[in-house]
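*Asks:* Please see the structure below; I have some questions.
The values are calculated or read from the model by the stated rules, or taken from the named source; none is laboratory data. From a predicted model like this one, the values you see are computed outputs, not experimental measurements. Glycine also receives a Cβ, built like all others from the backbone with ideal geometry; neighbour counts cover every protein chain displayed. Accessible surface is based on the protein model in full, side chains and every heavy atom, while ligands, DNA and RNA are left aside. Shrake-Rupley method; radii C 1.70, N 1.55, O 1.52, S 1.80 Å.
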Amino acid sequence: MLVLGKLLELTLAGHEPSAKIQLTPDGTRLRWLDEGALEVTPPAARDNGLDLLLSAGIHGNETAPIEMLDRLLRGIARNELRPAARILFLFGNPEAMRRGERFVEQDINRLFSGRHEQSSGFEAIRACDLEHLSATFFGKETGRTRLHYDLHTAIRGSKIEQFALYPWQEGRAHSRRELERLRAAGIEAVLLQNKPSITFSAYTYAQLGAEAFTLELGKARAFGQNQLVNLDLLENALQALIEGREVVSGEPTLDGLQLFAVSREIIKHSDSFQLHLPADIENFTELKPGYLLAEDIADTRWLVEEQGARIIFPNPRVKNGLRAGILIVPDDGASLV
Ligand SMILES: O=C(O)CCC(=O)N[C@@H](CCC(=O)O)C(=O)O
Ligand SMILES: [Zn+2]
């Protein structure tokens, strides 16, 4: 197999390949750009106009999607998968991947959309590099389709195993068509954001005009221990997307897809922050109105008021100033276009 198809192996070994460009027998070009970054270009005659950014390892211990991207890239390098799309494969935080940790100094997924400029350290530098790699990949050309899936797994178990977070931008509506595509790929729920964010998918959505999603695909486990994370539907959907075989027929349907909106983000303001939830609580657990969810400095109290509220990503260990959980509520999808 072509050496560049082993991007994951090269990345984990911290090895820069001597040959930066390789061609598969059918003329697909693989180009190594940087640590954990590789561009795939189909032969011009097969290019269908889709620019597809696939990222994983933004959190280094979320290995199931990293392994899936490795399988897809190896399939391309072996000439088994024949791309019609341009693709950028990115492993977000190589050093955290090598250590098997979410991050080393700070969460890289809180450093996008310019946040890295107010910070320092290699995760800030890497966030800046990832922005440049993505911006260069999508380029200035109009008339092409831009799509980004940033693939993650969650710290805790979840009542809804596979779900997406859809970023927000002023004046831009969320797309039913994209949600239908996600539904077909096994995604069971989508959280529609309603304010700007500093995550990677929020950057490519708002700054680069891509359709972009964070996908949560199960519980985070170490390399080689992902037997319980079933990515078959998503992997098949991505293979079809890469090869331009995707066929979505008839009227878009969202049947079976649960939609949620953000009601409130719980922000940890101080070291006095206390989250009143069991340590093993699952994502999407319902919380009744009147429940005292959290307390913080200066008698701040987070009381549940919303009907049908659920909690996702509760985490009292985040740094002060960051999100320690999201309260979400069911959404009827009326704003989708
Ligand atoms: O399980 C958790 O608590 C966090 C899982 C995770 O890493 N989620 C992403 C979501 C990104 C987004 O809001 O689009 C994150 O927190 O970075
Ligand atoms: Zn993550």
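*Asks:* Being open to solvent by 40 Å² or more (accessible area, probe 1.4 Å) and either touching a residue at least 12 places away in the same chain (Cβ under 8 Å) or charged (D, E, K, R) (or both) is the filter here, so list the residues in region 3-20 that pass it.
*Replies:* Matches in region 3-20: 3, 6, 9, 12, 14, 16, 19, 20.
*Asks:* Kindly indicate the residue of region 145-163 that is within 13 Å of ligand 1 (Cβ to nearest atom) and open to solvent by 40 Å² or more (accessible area, probe 1.4 Å) and also farthest from residue 242 (Cα to Cα) among those meeting that condition.
*Replies:* By that ranking, first place goes to 155.
*Asks:* Would you check which residues across region 96-120 are open to solvent by 40 Å² or more (accessible area, probe 1.4 Å), more than 11 Å from ligand 1 (Cβ to nearest atom) and touching a His at 6+ places or on another chain (Cβ under 9 Å) and list them?
*Replies:* 101
*Asks:* For region 52-95, which residues satisfy the criterion of being more than 16 Å from ligand 2 (Cβ to nearest atom) and without any contact (Cβ under 8 Å) to a residue 40 or more places away in the chain?
*Replies:* 80
*Asks:* Can we say residue 170 is more than 8 Å from ligand 1 (Cβ to nearest atom) and not in a loop (DSSP other than H, G, I, E, B)?
*Replies:* So residue 170 fails the test.
*Asks:* Is it true that some residue in region 249-270 is open to solvent by 70 Å² or more (accessible area, probe 1.4 Å), closer than 30 Å to residue 300 by Cα, assigned to a loop (DSSP other than H, G, I, E, B) and modelled with pLDDT of 95 or more?
*Replies:* yes
*Asks:* For the condition farther than 21 Å from residue 214 by Cα and open to solvent by less than 40 Å² (accessible area, probe 1.4 Å), what is the one hit in 295, 306?
*Replies:* 306
*Asks:* For region 278-288, state whether one or more residues are under 27 Å from residue 101 (Cα atoms), in a strand (DSSP E or B), outside the structural domain of residue 149 (by TED's automatic domain parsing) and touching a Phe, Trp or Tyr at 6+ places or on another chain (Cβ under 6 Å).
*Replies:* No, because not a single residue in region 278-288 is under 27 Å from residue 101 (Cα atoms), in a strand (DSSP E or B), outside the structural domain of residue 149 (by TED's automatic domain parsing) and touching a Phe, Trp or Tyr at 6+ places or on another chain (Cβ under 6 Å).
*Asks:* Residues in region 275-282: is at least one among the charged types (D, E, K, R), open to solvent by less than 90 Å² (accessible area, probe 1.4 Å) and under 20 Å from residue 319 (Cα atoms)?
*Replies:* No: region 275-282 contains no residue that is among the charged types (D, E, K, R), open to solvent by less than 90 Å² (accessible area, probe 1.4 Å) and under 20 Å from residue 319 (Cα atoms).
*Asks:* Just one of (1) free of Cβ contacts under 8 Å to residues at least 24 places away in the same chain; (2) out of contact with any helix residue (DSSP H, G or I) (no Cβ under 7 Å at 6 or more places or on another chain); (3) not charged (D, E, K, R) trips up residue 154, so point out which.
*Replies:* Going through (1) free of Cβ contacts under 8 Å to residues at least 24 places away in the same chain; (2) out of contact with any helix residue (DSSP H, G or I) (no Cβ under 7 Å at 6 or more places or on another chain); (3) not charged (D, E, K, R) one by one, residue 154 breaks only (1).
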